[in-house]
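Structure first, commentary second.
The values are calculated or read from the model by the stated rules, or taken from the named source; none is laboratory data. Treat the numbers as computed from the prediction; the structure is a model and nothing was measured. No Cβ is skipped: glycine too gets one built from the backbone with ideal geometry, and neighbour counts run over all protein chains shown. Accessible surface areas use protein heavy atoms only, side chains included; no ligands, DNA or RNA. Shrake-Rupley method; radii C 1.70, N 1.55, O 1.52, S 1.80 Å.
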Amino acid sequence: MAKEFKRYLVTSALPYANGPVHIGHLAGVYIPSDIYTRYLRLKGCDVISVCGSDEHGVPITIKARKEGVTPQEIVDRYHAVIKRSFEGLGINFDIFSRTSSATHAKNASAFFKKLYDEGKFIEKTSEQYYDEEAQTFLADRYITGTCPKCGNEKAYGDQCEACGSTLSPDELINPKSAVSGSVPVKKSTTHWYLPLDRYESFLREWILDGHKEWKSNVYGQCKSWLDGGLQPRAVSRDLDWGIPVPVEGADGKVLYVWFDAPIGYISATQDLTPDWEKYWKSDDTKMVHFIGKDNIVFHCIVFPAMLKAHGDYILPENVPANEFLNLEGDKISTSRNWAVWAHEYLEDFPGKEDVLRYVLCANAPETKDNDFTWKDFQARNNNELVAVLGNFVNRALVLTQKYYGGEVPALGELTDYDRQTLEEMGAIKSQLESNIENYHFREALKDAMNFARIGNKYLADTEPWKVIKTDPERVKTILNIALQITANTAIAIEPFMPFSADKMIDMLAVEKFGWEQLGSMGLVEAGHKIGTPALLFEKIEDATIQQQLDKLAATKEANAAAEAAQNIAPQKEECSFDDFQKMDIRVSTILEAEKVVKTKKLLKLTIDTGIDKRTIVSGIAEHYSPEELVGKQVLVLVNLKPRPLKGIESRGMILMAEDACGKLRLLSPDEKTMCGAIVG
């Protein structure tokens, strides 16, 4: 039998305050969290939803170094940006706190001190990377190198963003400091560790035996970690940004961010209400963590071990983590600016907050990675929101205004089709509730939209605009039913599309409904005067979508240029002016060009060098066709010693440039020049 709970505590992963939030964050964590919380509020449950910015991560100090500002300036800036984005999209936390708050500094320090005093930590001295030039120990993120698993040369000491592998600094090939660029050395340092191995049997019983209902992706990752054997994990770091370790002899050491950050949920709850303990220390509270795939180990293994070690707090009942959302077939990357940023979306699509909420929920990566494309965004808006939901609501309200001056007509005798329609609608509620309560939000959204689909079909089948001419009494019943479906739809979609639900309530001119009223048929009384109908959604045109695609194309081009700049070949060894003078480079014209048989790369070129006409064999067939070369002027090294290639004597070499992508490009004079002109 399922356990009964008196109250709910919903937490959402704390976003790093080193940049804005993007659609991957929204789809993975914050929209699912908001849907669940809004549903519980509509049901009248005692529920609070807490979140806040994580302001002590190493990425923040890296960002500050790059911009030449303090970490505090970075977190102040992005805390505000993130908070506005959430508010703009209707993600309604009861509190959006910060881990730089005084409450949190006190809480995190006290949490550490309790475990320290009770001997729950172990102290270890180890060799860690140290930047002698910057005179600082390097956190994992401050070390870059080549990934041993995929060969990515820009992997971090904790993770390779190219292949997603979790790494340690010792695994990197050719490690270097991200601070100074120098090669780091190993140096001894002492830290405190939480011995996760001591909690392995507890975690195995609690998760693998006690929470088999968890999502398969979450349960599977936890099992993999436990089966691999848990190791002690450091809870302190050598950094100058963060909460100082509150014990003697810990100068220059701060709490490691993974230890500090989840305690932020407790701090946020304390700042929200003096009754915070009932949400954190009562067994009749259901705590649910909404997180992304990369946070599963922290919220299912590490934080529960911390809570167990502390002893005063409840454990989460569920951790419905989502997988990753990709963008146009490529992994979202903040470092490459390959993302759709929430604050930019709000600027580019004013009034379309619910469109993004709808699309990200409908396409949510609930058990596997999924892909966001702008074409799909447009299609879902035009074919589902406009053509189904918007069309139904608009027709129901406009016809009521047209035929009855906006006054709700009375319900008359029901036909079998009317009863069938009402039965279909009544059957949706329990399925919708089950899907939300089991964190199947994609299916739940389909259930909510089914109210509109039923209504749309009902109006299309009954055709009140035709029946009004022959049976006006029948139309009263049709539109009464249509308006009841409209009111029910407003309730059903509220957790998913709160702005649209509010508009529908305003157009119906009624008070907001509670969840218990979903499925009722007397929500809008006969004789009630509705408000003015307005369009819920508008079509999104191709030009609007093209603008977004062009923006991404520009980002991809900028990334390619930046990568090319990083891959510029180093300067060759010096040569003397006399060495250079030995080369005879002439402006020449290509007279004929043809492929060399049985080769992929070679072209046979007839060249007018100004001093003669000669044959040159060049390996450029994969970059230029023979047709586009004839007539082009090029630069030729004419005094290169001849050599045979595929039985053809090649006398000279065409000068070319190779970019970082391996593309060969001809070097030519700016304007037509006499053949034989000397370059030098």
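Listed values, structure above:
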item	result
Residue check, Ser97 open to solvent by less than 30 Å² (accessible area, probe 1.4 Å), at pLDDT 95 or above and touching a Pro at 6+ places or on another chain (Cβ under 8 Å)	no
Close pairs from segment 153-170: first over 18 Å from Trp338 (Cα atoms) and in contact (Cβ under 8 Å) with a residue 12 or more places away in the chain, partner open to solvent by less than 50 Å² (accessible area, probe 1.4 Å) and among the charged types (D, E, K, R), Cβ under 7 Å, at least 6 apart	Tyr156/Asp140; Tyr156/Arg141; Gly157/Asp140; Gly157/Arg141; Asp158/Asp140; Asp158/Arg141; Leu167/Asp158; Pro169/Asp140
Which listed residue is surrounded by 15 or more Cβ atoms within 10 Å (Cβ to Cβ) and of a type in the set (Asp, Glu), from Glu213, Glu171, Glu205	Glu171
Subset of segment 1-28 [open to solvent by less than 10 Å² (accessible area, probe 1.4 Å) and among the hydrophobic types (A, V, I, L, M, F, W, C)]	Leu9, Val10, Ala13, Ala17, Val21, Ile23, Leu26, Ala27
Selected residue (criterion: nearest to Leu194 (Cα to Cα)) from residues of segment 111-153 that are hydrophobic (A, V, I, L, M, F, W, C) and exposed (fewer than 14 other Cβ atoms within 10 Å of the Cβ)	Ile122
Helices (runs of 4 or more DSSP H) within segment 463-532 that include 3 or more residues in contact with a helix residue (DSSP H, G or I) (Cβ under 9 Å, 6 or more places away or on another chain), of a type outside the set (D, E, K, R) and closer than 16 Å to Met449 by Cβ	472-493, 498-508
Residue satisfying condition, being open to solvent by 10 Å² or more (accessible area, probe 1.4 Å), touching a residue at least 12 places away in the same chain (Cβ under 8 Å) and in contact with a strand residue (DSSP E or B) (Cβ under 6 Å, 6 or more places away or on another chain), within set Asn337, Asn363, Asn382	Asn363
Members of segment 259-281 that are assigned to a helix (DSSP H, G or I) and surrounded by fewer than 20 Cβ atoms within 10 Å (Cβ to Cβ)	Asp271, Leu272, Trp276, Glu277, Lys278, Trp280
Among the candidates Ala621, Ala593, residue that is open to solvent by less than 40 Å² (accessible area, probe 1.4 Å), closer than 30 Å to Ala562 by Cα, small (Gly, Ala, Ser) and modelled with pLDDT of 85 or more	Ala621
Selected residue (only one of Ala80, Ala102, Ala108 is small (Gly, Ala, Ser), out of contact with any helix residue (DSSP H, G or I) (no Cβ under 9 Å at 6 or more places or on another chain), farther than 21 Å from Leu167 by Cβ and open to solvent by less than 40 Å² (accessible area, probe 1.4 Å))	Ala80
Segment 80-108 residues that are over 16 Å from Val29 (Cβ atoms), paired with ones that are outside any helix (DSSP H, G or I) and open to solvent by 60 Å² or more (accessible area, probe 1.4 Å) (beta carbon under 9 Å, 6 or more apart)	His104/Arg98; Ala105/Pro244
Number of the exception - Asn363 against (1) modelled with pLDDT of 95 or more; (2) more than 13 Å from the chain's Cα centre (by Cα); (3) of a type outside the set (A, V, I, L, M); (4) on the phi < 0 side of the Ramachandran plot	(2)
Total residues in segment 49-70, condition buried (at least 23 other Cβ atoms within 10 Å of the Cβ) and not polar (S, T, N, Q)	9
Residue under evaluation His310, criteria (1) surrounded by fewer than 21 Cβ atoms within 10 Å (Cβ to Cβ); (2) touching a Lys or Arg at 6+ places or on another chain (Cβ under 7 Å); (3) more than 22 Å from Leu230 (Cα to Cα), criterion not met	(3)
Count of residues meeting criterion [in contact (Cβ under 8 Å) with a residue 24 or more places away in the chain, assigned to a helix (DSSP H, G or I) and open to solvent by 50 Å² or more (accessible area, probe 1.4 Å)] in segment 405-436	2
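To keep it simple, each residue is scored yes or no on (1) in contact with a Gly (Cβ under 9 Å, 6 or more places away or on another chain); (2) assigned to a loop (DSSP other than H, G, I, E, B); (3) at pLDDT below 95; (4) surrounded by 22 or more Cβ atoms within 10 Å (Cβ to Cβ).
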residue: Tyr219; (1), (2), (3), (4): no, no, no, no
residue: Arg237; (1), (2), (3), (4): no, no, yes, yes
residue: Pro246; (1), (2), (3), (4): no, yes, no, no
residue: Gly249; (1), (2), (3), (4): no, yes, yes, no
